[in-house]
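Down below is the structure, laid out as structure tokens.
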Amino acid sequence: ASGYIDAFSGETSLSVSTERASILTQATSCGGEFFFFHPFEMLHGDYFSEDDLTSQTVILDEYAAWQLFGAVEVAGMDVTIDGQPFRVAGVCKKPTDPLGSTTWGDTPRIFVNYIGLRMTTGFDRASCYEIVMPNPIGDFAKGILRNQFSVSDKSTNAVIYEDSTRFSFETLAYIFNGVALAVI
């Protein structure tokens, strides 16, 4: 085991089509363990990972699925991006909480495997890096990231945000609707 879990992502707009329709989407190009950090409620299908046999996979939100297929049970079907087929791994529900709903926006959303999108369109930009790693003493992990990414406290183009409470027992219990698991 590596001792950490990480993910990265970048945002862009993509034209996505099927035989039924063509739409403009807000696309998140994602790699690593992105869905560990963003456990969206799945309506059909499942998440994709870097271990999938094909890198040309996507997850649609429910609005994109309805517009492209007229249904949400579309896992296993294909959409086209830049003339290339991408397999739909699943369809996720748009968050309904105030913060999630605001950040999600009103544009249909698609999550695309970073490697597949880079190979197809050349999009090669990550604007967010997330990591869960040991932090045995205050700011230890933050210091490692500052050094690795050459980010100073006065940097205007990058911010390192430490949020240990995100994975606390109380937060995770709330995220999973009060159902918490304990490993003894």
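The values are calculated or read from the model by the stated rules, or taken from the named source; none is laboratory data. The model shown is predicted, which means the values in this text are computed figures rather than measured ones. All Cβ positions, glycine included, derive from the backbone under ideal geometry; neighbour counts span all protein chains shown. Accessible surface areas use protein heavy atoms only, side chains included; no ligands, DNA or RNA. Shrake-Rupley method; radii C 1.70, N 1.55, O 1.52, S 1.80 Å.
Some observations on this one:
- Gap separating the Cα centres of the stretch 86-118 and the stretch 63-80, nearest whole Å: 13 Å
- Each residue, D139 and R20, gets one label point 7 Å from its Cα in the Cβ direction; the gap between the two is 5.4 nm.
- Solvent-accessible heavy-atom area per residue, rounded to whole Å², over the stretch 4-105 at 1.4 Å: 49 Å²
- Each residue of the stretch 73-90 was assigned a 3J(HN,Hα) from its phi angle through the Karplus expression (A = 6.51, B = -1.76, C = 1.60, θ = phi - 60°), giving 8, 10, 4, x, 7, 10, 10, 10, 10, 6, x, 10, x, 10, 7, 7, 7, x Hz with x at Gly and Pro.
- Quotient of Cα Rg and 2.2 N^0.38 Å for the stretch 70-138, N being how many residues it contains: 1.47
- One compactness figure for the stretch 16-72 is 1.19, namely its Cα radius of gyration divided by 2.2 N^0.38 Å.
- The gain in end-to-end length when the C128 to S150 segment is fully stretched comes to 6.4 nm, 0.36 nm per residue minus the alpha carbon separation.
- Across the accessible surface of the stretch 1-152, with the other protein chains kept in place and a 1.4 Å probe, carbon and sulfur atoms take up 50 percent.
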